[in-house]
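**Student:** My questions all concern the structure below.
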Amino acid sequence: MIDKANPPAIESVPNSVSRRDFIKGVITSGVAVSSASYLFRASTLLHGQQLSAGVSERLITVNVNGQQRRVDVMKQETLAWTLRYKLGLTGTKLGCDRAECGSCTVLIDDIPYYSCSVLTHTVRSRKVLTIEGLASADGTLHPVQQGVIDEQGFQCAFCMPGFLMTAVGYLKTNPSPTRQQLAQGVSGCLCRCQDYDKILTALMRGAENTRRAQLG
Ligand code: FES
Ligand code: FES
């Protein structure tokens, strides 16, 4: 029992002991210290430079149909997805989404590519042309588009943008193809309506229109 009249003297703890104990405490609570610094780093990530660097990496500029389009893309995002669902260019169709049908074909630097199999962030410094960019600014159809009108090619026309973009790309390498050569040139495209003969007739007319347009 404590004698309130003569309380025991409070033992003063020397400063040096207190510091030693503190250091021991820090060493033994190392995990807690690490966790704390981890939390600190996490909060730096959330509010500091590193996150903004990540965000700016996702914001890229792509040249589509002659326009510089700024778009936020995920690393695994395909060009077909970006064109259709971020840029509103739904003329590019998604059929198989696995490089089999050709309905998503666009030109990248004048070469036909399946846009379902191209990652958007890889086309940053390149020129993408979709079906929406084929006609002239004044609305004049591209000669290959005009060929489709002239011959009334295609049935449901779901496959048409892919065939047209492929044909336009192919005709740049071979402006005067035989029917068989053109068939080979667009063989990466499939038509679910199986309207190949009519399609080929329309594309041949498109090739002829293109040659005529180039002659002026
Ligand atoms: S959707 Fe790209 S090849 Fe079929
Ligand atoms: S015309 Fe219908 S898919 Fe080709």
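**Student:** Would it be correct to say that Gly188 is open to solvent by less than 10 Å² (accessible area, probe 1.4 Å), touching a residue at least 12 places away in the same chain (Cβ under 8 Å), within 16 Å of ligand 1 (Cβ to nearest atom) and closer than 18 Å to Ile108 by Cα?
**Tutor:** It is false that Gly188 is open to solvent by less than 10 Å² (accessible area, probe 1.4 Å), touching a residue at least 12 places away in the same chain (Cβ under 8 Å), within 16 Å of ligand 1 (Cβ to nearest atom) and closer than 18 Å to Ile108 by Cα.
**Student:** Name the one entry in Gly147, Gly153, Gly162 that is within 16 Å of ligand 2 (Cβ to nearest atom), part of a loop (DSSP other than H, G, I, E, B) and open to solvent by less than 30 Å² (accessible area, probe 1.4 Å).
**Tutor:** Going through Gly147, Gly153, Gly162 in turn, the sole match is Gly153.
**Student:** Name the residues in the range 73-103 that are closer than 11 Å to Cys116 by Cα and within 16 Å of ligand 2 (Cβ to nearest atom), would you?
**Tutor:** Selection gives Thr92, Lys93, Leu94, Gly95, Cys96, Asp97, Glu100, Cys101, Gly102, Ser103.
**Student:** What is the one condition in (1) buried (at least 17 other Cβ atoms within 10 Å of the Cβ); (2) more than 26 Å from Leu94 (Cα to Cα); (3) β-branched (Val, Ile, Thr) that Thr178 does not satisfy?
**Tutor:** Every condition holds for Thr178 apart from (1).
**Student:** Right, here's the next one. Only residues in the range 114-125 that are part of a helix (DSSP H, G or I) count as the first member; pair them with residues that are of a type in the set (A, V, I, L, M) and open to solvent by 20 Å² or more (accessible area, probe 1.4 Å), Cβ under 8 angstrom, at least 6 apart or cross-chain, and list the lot.
**Tutor:** Correct list of pairs: Cys116/Leu94; Cys116/Ala99; Ser117/Ala99.
**Student:** Give the residue that is farthest from ligand 1 (Cβ to nearest atom), with candidates limited to residues of the range 191-216 that are small (Gly, Ala, Ser) and open to solvent by 30 Å² or more (accessible area, probe 1.4 Å).
**Tutor:** Gly216
**Student:** Which number in (1) under 24 Å from Val71 (Cα atoms); (2) at pLDDT 95 or above; (3) more than 16 Å from ligand 2 (Cβ to nearest atom) marks the one condition that Pro175 misses?
**Tutor:** (1)
**Student:** While we're on this one: For the subset of the range 104-113 comprising residues that are assigned to a strand (DSSP E or B) and more than 14 Å from ligand 2 (Cβ to nearest atom), which member is surrounded by the most Cβ atoms within 10 Å (Cβ to Cβ)?
**Tutor:** The residue in question is Val106.
**Student:** I'm told Arg124 meets every condition in (1) within 16 Å of ligand 1 (Cβ to nearest atom); (2) of a type outside the set (A, V, I, L, M); (3) exposed (fewer than 13 other Cβ atoms within 10 Å of the Cβ) except one. Can you identify the failing condition by its number?
**Tutor:** (1)
**Student:** Yes or no: the range 65-82 includes at least one residue that is more than 30 Å from Val186 (Cβ to Cβ), modelled with pLDDT under 95 and exposed (fewer than 10 other Cβ atoms within 10 Å of the Cβ).
**Tutor:** Among the residues of the range 65-82, at least one is more than 30 Å from Val186 (Cβ to Cβ), modelled with pLDDT under 95 and exposed (fewer than 10 other Cβ atoms within 10 Å of the Cβ), which makes the answer yes.
**Student:** Name the pairs: first residue in the range 196-216 and within 18 Å of Ala157 (Cβ to Cβ), second residue not in a helix (DSSP H, G or I), Cβ to Cβ under 6 Å, at least 6 apart or on different chains?
**Tutor:** Short answer, once both residue conditions are applied: Lys198/Gly153; Ile199/Gly153; Ala202/Gly153.
**Student:** Could you please let me know if Lys86 is more than 21 Å from Val168 (Cβ to Cβ), in contact with an Asp or Glu (Cβ under 9 Å, 6 or more places away or on another chain) and open to solvent by 70 Å² or more (accessible area, probe 1.4 Å)?
**Tutor:** The answer is yes for Lys86.
The values are calculated or read from the model by the stated rules, or taken from the named source; none is laboratory data. Remember, it's a predicted structure, so these values are computed and weren't measured experimentally. No Cβ is skipped: glycine too gets one built from the backbone with ideal geometry, and neighbour counts run over all protein chains shown. With ligands, DNA and RNA removed, areas are computed over all heavy atoms of the protein, side chains included. Shrake-Rupley method; radii C 1.70, N 1.55, O 1.52, S 1.80 Å.
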